[in-house]
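A.B. asks: Quick one: the structure is below, and I'll ask about it shortly.
Just so it is clear, none of the values below were taken in a lab; they were calculated from the coordinates. Remember, predicted model here, so these are calculated numbers, not experimental data. Positions of Cβ are generated from backbone atoms using ideal geometry, with glycine treated the same way; all protein chains shown enter the neighbour counts.
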């Protein structure tokens with residue numbers, strides 16, 4: 001159990017209570033308890049007794065005890081079962097919060113998007129206290145563009161679902177081998193569905209197990225070679241499972257990973273050699289079918305090097321085969337330069353984050369908690385940051401196999417100024433500058449803010465340079481090619497933020513940065529130990545831009561990194 005899970009559970013309970021029309025004071029108690037824990041700079045393991053914190057009452061304390069003892073909250077489960085599931089999507093409609101939705105449900109029995117639309121069209125909503133005719137008009141306007149189930153699901157939404165499926169499949173003993181495939185495996189930013197390839201000699205048994213262990217909303221197809229289902233998760237996600245025998249696995253995985261253009265090119269190569277590729281293997285001229293144990297064997301059969309799924313896209317990968325060996329790989333990563341601790345809005349202490357980085361074999365890391373402006377993230381004041389610098393120096397003395405650098409993720413303020421003065425910045429080893437506010441400013445103002453950070457001699461890197469959230473938010477839309485030019489001119493790093501929510505910079509801009517010779521840092525922006533795993537996603541996304549090891553800052557040796565930050 002960790003702080004973040006407790007905080008999120010308390011906040012979720014407050015939301016469900018609000019949807020039930022619960023007493024506002026009771027709802028507020030859960031939100032205040034979450035805030036008290038958030039603002040405490042200690043991790044859960046460092047707290048003597050979390051229940052003794054001022055602001056934790058009997059009801060919130062019982063939930064925390066439940067979480068600590070069982071890993072889940074019985075109260076939250078009870079609430080989730082009692083609140084109609086159709087109310088939750090309504091929270092995505094601008095202007096509708098928990099209180100208003102509770103009133104719509106209580107007074108008009110509105111329990112779905114469809115029921116809301118019908119009630120607005122029949123002018124029932126405007127008759128409720130707190131609503132008006134203009135409210136109906138606004139809701140109907142929002143519903144015009146509203147989709148309960150979007151056409152594509154972002155990688156950040158699919159990632160935890162793939163993890164759940166992986167975990168469930170790993171416990172089915174009749175499965176010999178399995179892998180995710182499709183566009184998700186190629187690290188596309190969003191996908192229509194999820195594809196899995198499963199090797200088994202018992203397809204019927206596996207099919208039944210899949211239908212039993214996963215939260216199935218709808219069965220689309222359930223045969224001996226393919227199972228298609230819709231999962232009962234947020235936004236509803238379709239999943240296809242292809243069932244093959246072990247000999248067919250590598251060929252099937254290659255085929256269903258795609259892309260379509262990559263497969264067309266491979267079939268042409270095979271045809272030129274008198275062979276024919278199918279999802280089951282490679283048919284030779286004499287009619288026999290060649291099978292493969294791995295995809296590496298598959299490509300070698302055509303005298304090709306292994307082509308990673310990440311670059312199997314438009315067919316141009318076949319003209320860059322000499323670059324494949326230079327693509328950055330996870331084992332090349334020596335550091336993570338952007339992470340948060342309990343000093344701001346992280347879930348774990350500095351030492352806990354350091355220990356997690358040690359297990360990954362990193363030689364160094366940077367602690368970069370938020371700056372004072374970002375109050376919502378418990379940003380550090382100047383005084384707290386100076387105290388943290390001293391603390392990091394003390395912790396550093398305990399380790400000989402990893403070096404901890406002091407840092408900050410400093411806000412670039414709406415007026416273009418930086419959150420810390422130079423007298424503070426010069427005491428830090430590594431300074432990140434980023435924008436978290438006023439996204440709707442004109443491009444000229446946004447670029448002025450970024451330029452003020454770029455030209456500052458104490459700033460080393462711009463984090464998540466466009467501010468986008470995949471399939472959710474476009475960001476602040478800077479002129480990225482110009483930003484890249486400035487980074488080149490002033491010798492700054494641009495970040496590839498590896499969070500599945502961001503993947504920012506995106507590939508088209510990473511390619512421009514590569515051509516311009518601007519160094520890129522792949523960072524997790526981890527707020528939790530488990531999020532350090534995002535480095536793998538970031539590395540695979542960087543491969544899509546054909547980034548090589550020498551272009552990635554956190555593949556540099558400790559000495560080279562020190563030279564860069566002290567020049």
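A.B. asks: Can you give the Rg and Dmax of the chain based on its C-alpha atoms, in angstrom?
C.D. replies: Radius of gyration, then largest Cα-Cα span, for the chain: 26.1, 79 Å.
A.B. asks: Further question: I need 202, 373, 348 ordered by Cβ neighbour count within 10 Å, fewest first. Don't jump to the answer; show the numbers that get you there.
C.D. replies: Values: 202 15, 373 19, 348 26.
So the ranking, lowest neighbour count to highest, is 202, 373, 348.
A.B. asks: Now, a different point. Place the peptides 2-14, 384-396 in order of packing, highest mean first, counting for every residue the other Cβ atoms within 10 Å and averaging per peptide.
C.D. replies: Numbers: 2-14: 20.2, 384-396: 16.1.
Answer by packing, highest mean first, reads 2-14, 384-396.
A.B. asks: For the range 460-557, with equal point scatterers placed on the C-alpha atoms only and solvent neglected, what are the log10 I(q)/I(0) values from the Debye formula at q = 0.10, 0.11, 0.14, 0.22 1/Å, to two decimals?
C.D. replies: The computed values of log10 I(q)/I(0) come out as -0.23, -0.28, -0.46, -1.15.
A.B. asks: Listing 424, 187, 233, 431 from the residue with the fewest other Cβ atoms within 10 Å to the one with the most, what is the order?
C.D. replies: Details: 424 20, 187 23, 233 17, 431 26.
Ordered by Cβ neighbours within 10 Å, fewest first: 233, 424, 187, 431.
A.B. asks: With viscosity set to 0.692 mPa s and temperature to 37 °C, compute the Stokes-Einstein D of the range 330-566, Rh being the Kirkwood radius across alpha carbon pairs; µm²/s, no decimals. Can you show the working numbers first?
C.D. replies: Numbers: Rh = 17.5 Å.
Once the numbers are plugged in, D ends up at 187 µm²/s.
A.B. asks: Where the convex hull is taken over the Cα atoms of the range 29-155, what is its projected area averaged over directions, in nm²?
C.D. replies: If I average the Cα hull's projected area over directions, I get 10.9 nm².
A.B. asks: Let me ask you something else. May I have the convex hull volume per residue, in Å³, for the Cα set of the range 101-253? Present the calculation step by step, with values, prior to reporting the outcome.
C.D. replies: Working: hull volume 19.6 nm³, N = 153.
In the range 101-253, the Cα convex hull volume per residue is 128 Å³.
A.B. asks: Taking just the alpha carbons, could you work out the radius of gyration and Dmax for the range 371-471, both in angstroms?
C.D. replies: 14.8, 48
A.B. asks: Please compute the Cα-Cα pair-distance distribution of the range 311-449 with 5 Å bins starting at 0, giving whole percents from short to long.
C.D. replies: Per 5 Å bin, starting at zero, the Cα-Cα P(r) for the range 311-449 comes out as 2, 9, 17, 17, 14, 11, 10, 10, 7, 4, 1, 0 percent.
A.B. asks: With just the Cα atoms defining each centre, how far is the range 58-129 from the range 237-266? Give it in Å.
C.D. replies: When both Cα centres are located, 41 Å separates them.
A.B. asks: Per residue, what volume in Å³ does the convex hull of the Cα atoms of the range 153-321 enclose? Display every interim value, and only then the final one.
C.D. replies: Numbers: hull volume 18.3 nm³, N = 169.
In the range 153-321, the Cα hull volume divided by residue count equals 108 Å³.
A.B. asks: Of the listed peptides 409-419, 282-292, what is their order by residue-averaged count of other C-beta atoms within 10 Å, with the highest listed first?
C.D. replies: Per-residue Cβ counts within 10 Å, averaged per peptide and sorted highest first, yield 409-419, 282-292.
A.B. asks: Mean separation of Cα pairs under 8 Å and 6+ residues apart, divided by the residue count of the chain: what relative contact order is that in percent? Spell out each step's value before the answer.
C.D. replies: On the way: 981 pairs, mean separation 57.4, N = 567.
It rounds to 10 percent for the chain.
A.B. asks: Kindly work out what percent of the DSSP beta bridges joining two residues of the chain are antiparallel, to the nearest 5.
C.D. replies: Numbers: 28 of 57 bridges.
Counting only bridges with both partners in the chain, antiparallel ones make up about 50 percent.
A.B. asks: Right, here's the next one. Neighbouring Cβ atoms within 10 Å as the yardstick, rank 345, 332 fewest first. Please list the in-between numbers first.
C.D. replies: Details: 345 20, 332 16.
Neighbour counts put them in this order, fewest first: 332, 345.
A.B. asks: Specify the inter-centroid distance of the range 408-476 and the range 279-341, based on alpha-carbon positions, in whole Å.
C.D. replies: Answer, in whole Å: 37.
A.B. asks: Treating only the Cα positions of the range 240-296 as identical point scatterers, give the base-10 log of I(q)/I(0) from the Debye formula at each q in 0.25, 0.31 Å⁻¹.
C.D. replies: Taking Cα atoms of the range 240-296 as identical point scatterers yields -1.06, -1.31.
A.B. asks: Still on this structure, I have one more. Normalised by the number of residues in the range 330-566, what is the relative contact order in percent for Cα pairs under 8 Å and 6+ residues apart?
C.D. replies: 19 percent
A.B. asks: Could I ask something else about it? Output the peptides 308-319, 83-94 sorted from most to least packed, where packing is the average of other Cβ atoms within 10 Å over each peptide's residues. It would help to have the intermediate numbers written out before the result.
C.D. replies: Values: 308-319: 17.7, 83-94: 16.2.
By packing density, highest mean first, the sequence is 308-319, 83-94.
A.B. asks: How big is D for the range 394-438, in µm² s⁻¹ as a whole number, if Stokes-Einstein is applied with the Kirkwood radius of its Cα pairs at 20 °C and 1.002 mPa s? List each step's numbers first, then the result.
C.D. replies: Working: Rh = 12.2 Å.
Rounded, D is 175 µm²/s.
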